[in-house]
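Structure first, then comments.
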Amino acid sequence: MEKKKIALRMLLGALHYCATELMKVDSDYKAKMEKINATMQWKSEPDGPNTYTIIKDGKIEFNDDGIIDNPTYTMSSNDLDQALEIFKGRYPVSEAIKKGDIAVTGNKDELIAMTFYLEAFIPLLGPLTGV
């Protein structure tokens, strides 16, 4: 179980790092990111990992271990294996949200529209976890 938690935390951090790097070289991607002003909380129930991301003014701030007050969106999963499948690219995050496999607090349609910033990288990084 602990290995899976570490793998999920690693994937989430790597995805945000890649998004930050892509903004430096891809003006179209950066323009899309500059339109986002949101705080997103990820919760793995019951005991983590819990992470949050702040996207504002074309910048990404990622916290790989924490809870933030009053996020714009909260995404929760009570199935660590399913969360790993999502973030390893085997189950699109937008589809998981639509089907209710990820519980969402906040506007689901807005959140789904923002998943582009992760879905390009997920299939590339998933195999790196070793789980």
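Every read-out reported here was derived from the displayed coordinates using simple, explicitly stated rules and does not represent laboratory data. Bear in mind that the values here come from a model prediction, so they are computed numbers and not experimental data. When we count neighbours, we look across all protein chains shown, and the Cβ atoms used for this are built from the backbone with ideal geometry, even at glycine.
How much of the DSSP bridge set in the chain is antiparallel, in percent, rounded to the nearest 5?
The antiparallel fraction comes to roughly 75 percent.
Label Lys56 and Asn107 with points 7 Å out from Cα along Cα→Cβ: what is the distance between them in nm?
Modelled inter-label distance: 1.8 nm.
How much of the DSSP beta bridge set in segment 1-76 is antiparallel, as a percent to the nearest 5?
75 percent
Which three extents, in angstrom, do the Cα atoms of the chain have along their principal axes, listed largest first?
Cα extents, longest axis first: 39, 30, 26 Å.
Placing +1 at every Lys and Arg Cβ and -1 at every Asp and Glu Cβ, with all other atoms neutral, what dipole size does the chain have around its Cα centre, in debye to the nearest 20?
Taking the Cα centre of the chain as origin, the dipole is about 180 debye.
Which of these, Asn37, Asn70, Asn78, has the largest mean-square fluctuation under a Gaussian network model of the chain (Cα springs below 10 Å)?
The residue that fluctuates most here is Asn70.
Could you work out the relative contact order of segment 7-57, using alpha carbon pairs under 8 angstrom and six or more residues apart, expressed as a whole percent?
After rounding, I find 30 percent.
Using a Gaussian network model on the chain with a 10 Å cutoff between Cα atoms, which of Asp57, Asp69, Asp109 fluctuates the most?
Most flexible of the set in this elastic network: Asp69.
Where is the GNM fluctuation largest for the chain (alpha-carbon springs, 10 angstrom cutoff): Val93, Val25, Val104?
Result for the chain, Cα springs under 10 Å: Val25 fluctuates most.
Considering only Cα-Cα distances, which of the following residue pairs are longer than 22 Å: Lys4/Lys56; Lys4/Lys88; Lys3/Lys43; Lys59/Lys98?
Over 22 Å apart, Cα to Cα: Lys4/Lys56; Lys59/Lys98.
Estimate the FRET efficiency between Asp69 and Asn37 by the formula 1/(1 + (r/R0)^6), using the beta-carbon distance for r and 25 Å for R0, to the nearest 0.05.
0.90
Calculate, in nm to one decimal, what Leu22 and Asp81 gain on full extension: separation in residues at 0.36 nm each, minus their alpha carbon distance.
Gain on stretching Leu22 to Asp81: 18.4 nm.
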